[in-house]
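Remarks on the structure that follows.
Just so it is clear, none of the values below were taken in a lab; they were calculated from the coordinates. Computed from a predicted structure; not experimentally measured. Cβ sites come from the backbone with ideal geometry, for glycine too, and all protein chains shown count toward neighbours.
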Amino acid sequence: MMMSSSSRNDKAQVFINFRGADLRSHFAPYLHDVLHKNGINAFIDDKLEVGDDLTDLFEKIEESTVAVAIISSRYTESDWCLNELVKIKECVDRRTLRVIPVFYKLEISIVKKLKGSFGLQLWKLWRKENHCNRDDRILKWDAALQDVSGKKAMRYLENSLIGIPSLFLCSNEADFADKMAKHIQDYLNKDKPPREENPKPQGKREENVKPQGKGGDNPNPEEGSNMASSSIKPGKQCLK
């Protein structure tokens with residue numbers, strides 16, 4: 001399996017999850033190049049073939065800081081896309097990853113309610129792969145789709161006059177990709193810990209230092225200390 005990222009040996013900062021049939025020939029590679037030009041090490045798969053192992057992709061997701069999930073009309077045709085999205089949700093639930101949903105020429109309500117061909121494709125995919133043994137993957141796929149559709153999202157619609165609130169809405173794909181890259185760059189910069197100009201040398205510990213807070217409790221516990229389980233939680237689902 002051939003992979004593509006800004007550098008194969010460097011840790012990926014951004015994982016781009018997308019349906020190749022909709023986006024591989026234009027939007028996804030353009031976004032990847034824009035991120036690369038901005039110094040962001042983004043990862044997209046260059047070529048996936050039947051029988052390829054998803055383990056490497058899951059590792060890239062786990063090491064990333066941000067995942068961009070681009071949901072398009074043919075997204076639910078691909079179990080690769082959906083399994084990646086399930087993995088992304090696992091990492092988000094563990095607070096080790098942030099996901100930025102992008103709805104590409106697709107209304108959010110279609111994803112939330114699994115309307116039309118989008119929902120039908122999901123059912124067909126599950127039935128095709130599980131005609132003998134119906135597993136619970138469709139519930140995990142649905143939970144992951146409901147999770148991203150419930151977050152603040154970026155949307156690209158062909159008709160830029162539709163007045164539904166969104167983070168960005170523009171009529172030109174290149175302009176939209178540029179705005180996406182800026183949004184991702186701003187988040188990565190904000191996520192970096194500040195450097196100390198004059199760090200204190202490591203010396204002996206001071207004795208009799210009183211603990212902060214009432215009764216010795218830390219008033220500012222470390223965020224994420226009580227992390228959620230890595231297992232997928234059905235949560236709010238469209239399927240029942």
- Message: Given points 7 Å out from each Cα along the Cα-Cβ axis, report the LYS37 to SER117 separation in nanometres with one decimal.
- Response: 3.3
- The value for region 73-112 (convex hull of the alpha-carbon atoms, volume per residue, Å³) is 72
- Sequence order, region 117-124: Karplus ³J(HN,Hα) from phi using 6.51 cos²θ - 1.76 cosθ + 1.60, θ = phi - 60°, Hz rounded, Gly and Pro as x, gives 5, 4, x, 5, 4, 5, 5, 4
- Task: Quick one: order ARG95, ARG19 by neighbouring beta-carbon count within 10 Å, fewest to most.
- Result: ARG95, ARG19
- Could you please rank TYR30, TYR187, placing first whichever residue has the fewest other Cβ atoms within 10 Å of its Cβ? TYR187, TYR30
- Take the cross-link list LYS112/LYS140; LYS11/LYS112; LYS89/LYS140; LYS37/LYS190 and give me the ones stretching past 21 Å between alpha-carbons. LYS11/LYS112
- So who's got an amide H within less than 5 Å of the one on ALA69, skipping anything under 5 residues away but keeping other chains? H placed 1.01 Å off N, in plane. ASN17, ILE100, VAL102
